[in-house]
Amino acid sequence: MDEREARMHAGLTQLAEPVAEVPDLDQVVARGRQLRQRRRMAGIAGGTAAVLVAAAGLGLVLTSSIFANNGRVSVVATPSPAPSTAARQIGVGATEEAHIALPPLGLTSGVYDVRFRATKTATGIDLKVTAVSQSGNFSTEQLNQDRNPAGFDLEEGLRVGLLTDRASWFTPVDNKGQSGLVSYTAELPDFGVTVFVVAPQDGAKLNSLAALAWRGSDGQLRSVETSGGPRDSVAADMPSARFVVDGHTGTLASLEHNDLLALVDYDGLGYAMNVREAQGNCRFAGSSTKEVGQDEVWESLAICPLPIGATQITPILAPGVSDWKLVTVGDRPVVVVPYDKGTLAQIVTGLRYTTGTGKQVETKVG
């Protein structure tokens, strides 16, 4: 046990007030180790990739995902478990609880556990949230959070809230074009809702949060503005486009006024980018599997947003690459190029297109 983990154990046993259902300490520490290892592995590909590694099949198969963002690490949303059963009917006074363990390192706040208690009332769902840190507990309760998908800020520098759906994809939207916000979700299955935490990391500030975006159990992409912490906020549908390329399916969604373009899924992959920075270039999402004694097998996708109004669009593909597709998300054209290699340069090297004013452009990717 290292010094940080020792402090964490000490903090857990010295809380200012007792709280029911204290999480397994070893689980919290193990979660911290996983995330710390993940961050240490982010130096691959010249420091531009975040690598997620998980073992499956008793260690016989390794799966890794890379989300390289041309010099920045992308914010990758945390999916909630897929819905298994419909929410049961609950009456006034019914309660349900969940907690979200945060990593012990890297976050601006010292909170390592956030606990949620939802209560059904005659008018909606009230939500009590308790932030647990080494120095003690801080709790706040907000009424009718089923009418406020934007959530609210905790004193501890976190945004928390409740979505009245089982969100299978969720991401914070940063208004500064940075990647300093991370998100975590948990499901309350009896209520059929999802609770969330948005936290700043690596020196970022929570005030850069502009919106939240998610996909509901009906498959619809939605977003809500968070600037100013509005009450009774109304979620709006996001423009999205589903595509099929080289036998694989995916979904792209956009929030243009917040410069968001997101790959919601590509056979399970997720990715979010600042479309203003990325247009005329490409970003890379990929995953790989490796069985013991076998070569690594990649599943990769280049995502190339073009300026709105662009026409006569053609990607310049790397040798051996032939399949690509032009997808329109809202008003923005996006080229997607799949290939079974693990770097952007092995998929596409440039883009040719004509701007809305008739100017012919050729850009290099990378």
**Q.** Net charge contributed by nearby residues that have their C-beta within less than 10 Å of Arg276 (K/R +1, D/E -1)
**A.** -3
Q | Net charge of neighbours whose Cβ lies under 14 Å from the Cβ of Leu263, counting Lys and Arg as +1 and Asp and Glu as -1 | A | +2
Q: Pop out the ³J(HN,Hα) list for segment 188-195 in order, Karplus 6.51 cos²θ - 1.76 cosθ + 1.60 with θ = phi - 60°, rounded to Hz; leave Gly and Pro as x.
A: 9, x, 5, 7, x, 10, 10, 9
Q: Report the label-to-label distance for Thr357 and Ala122 in nanometres (one decimal), using points 7 Å from each Cα along the Cα→Cβ vector.
A: 6.3 nm
Q.
In 5 Å bins starting at zero, report the fraction of Cα pairs in segment 92-141 per bin as a rounded %.
A. 5, 20, 25, 20, 12, 9, 6, 2, 0
(Q) Leaving out ligands, DNA and RNA, and with a 1.4 Å probe, what % of the accessible surface on segment 235-275 is carbon or sulfur? (A) 48 percent
Q. How large is ³J(HN,Hα) for each residue in segment 128-136, as worked out from phi by the Karplus curve 6.51 cos²θ - 1.76 cosθ + 1.60 (θ = phi - 60°), to whole Hz, x for Gly and Pro?
A. 9, 10, 10, 9, 10, 10, 5, 8, x
Q: Compute the relative contact order of segment 201-286 as a whole-number percentage, counting only Cα pairs closer than 8 Å that sit 6 or more residues apart in sequence.
A: 15 percent
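With the cut-off at 26 Å, tell me which of the pairs Lys128/Lys205; Lys325/Lys364; Lys205/Lys364; Lys290/Lys364 have Cα atoms farther apart than that.
On the way: Lys128/Lys205 24 Å; Lys325/Lys364 19 Å; Lys205/Lys364 33 Å; Lys290/Lys364 32 Å.
In this structure, Lys205/Lys364; Lys290/Lys364 lie more than 26 Å apart at Cα.
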Q | Net length gained if the chain between Gln312 and Thr289 were fully extended (0.36 nm per residue, minus Cα distance) | A | 4.7 nm
Q: Take the Cβ-Cβ distance between Ala94 and Asp218 as r, set R0 to 25 Å, and report the resulting FRET efficiency rounded to the nearest 0.05.
A: 0.55
Q: Express the accessible area of segment 238-365 per residue in Å², computed with a 1.4 Å probe while the remaining protein chains stay in the model.
A: 44 Å²
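The values are calculated or read from the model by the stated rules, or taken from the named source; none is laboratory data. Quick caveat, the model's predicted, so the values are computed rather than measured. Cβ sites come from the backbone with ideal geometry, for glycine too, and all protein chains shown count toward neighbours. With ligands, DNA and RNA removed, areas are computed over all heavy atoms of the protein, side chains included. Shrake-Rupley method; radii C 1.70, N 1.55, O 1.52, S 1.80 Å.
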